[in-house]
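All of the numbers you see were taken from the coordinates with simple rules; none came from a lab. Computed from a predicted structure; not experimentally measured.
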Amino acid sequence: MSSQLSSRLASVERHPEWERLRERRPRTAGHQFSFGCGALFGLVFAGIAVFIVGVAVSMMSQTSRLQSGRSLFPTVFTGLAALLALLGVGITVWMLFRWRRFVRAPLQAVPAAVLDKRLHVRGGGTNSHSRTNYHVTLEFRDGRRTELEVGGNLYGLLGRDDVGVAWIKDRYLLDFHRLADV
């Protein structure tokens, strides 16, 4: 870390607004909502797959009554549907785990400098939607650097070399207040 950046970060804690900003609590509802939607998706996915398993088992019992030789299709179909049900349960458990980790993580208000910004776009081919993930690399007073996920609106407001107060929870940058005079 350069000595200039180090002195800028140290001046954040001496700034007249520091105490007020440090006590501020940004909203976390959007992050919690996304975890809830992911868990709900997993439950619906698993429910549909369990329904398909039930239909497939019913088909297998009907087929065995009608034919003396059993077809392999209902068995394979039932197995695939069961795997999809397990995938849905796995998605639900993973999203609940992430939500729990997020809720239990402390909210930290720390002086930080924006070192870099990057985005990652997935999808977006013909007849498909795209998803963009936004990341910001912050440097702290002790010289530590970390890359955090950030929402698109906040990403657009941040610039390289911004210095101010960062609100961090788990692996997410919830808010950043730029201090222009440091």
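For the range 172-182, putting each phi into the Karplus relation 6.51 cos²θ - 1.76 cosθ + 1.60 with θ = phi - 60° gives couplings of 10, 8, 7, 7, 8, 10, 6, 10, 6, 9, 10 Hz, in residue order, rounded to whole numbers and with x for Gly and Pro.
Among the complete DSSP H segments of the chain, which ones combine at least 24 Å of alpha-carbon extent along their axis with a mean Kyte-Doolittle hydropathy of 0.0 or more? Could you put the intermediate results ahead of the total?
Details: long enough: 29-66 (55 Å, 1.31); 73-104 (46 Å, 1.18).
Flagged H segments are 29-66, 73-104.
Amide H contacts under 5 Å for THR28: none, restricted to partners 5 or more places along the chain or on a different chain, H placed in the peptide plane at 1.01 Å from N. Our note on the geometry: Cα centres of the range 134-158 and the range 29-58, 32 Å apart.
In sequence order, the range 118-127 has phi-based couplings of 8, 10, 10, 9, 10, x, x, x, 4, 6 Hz under the Karplus curve 6.51 cos²θ - 1.76 cosθ + 1.60, θ = phi - 60°, and Gly or Pro positions carry x. The rule of thumb for compact globular proteins, 2.2 N^0.38 Å, goes into the C-alpha radius of gyration of the chain 1.56 times.
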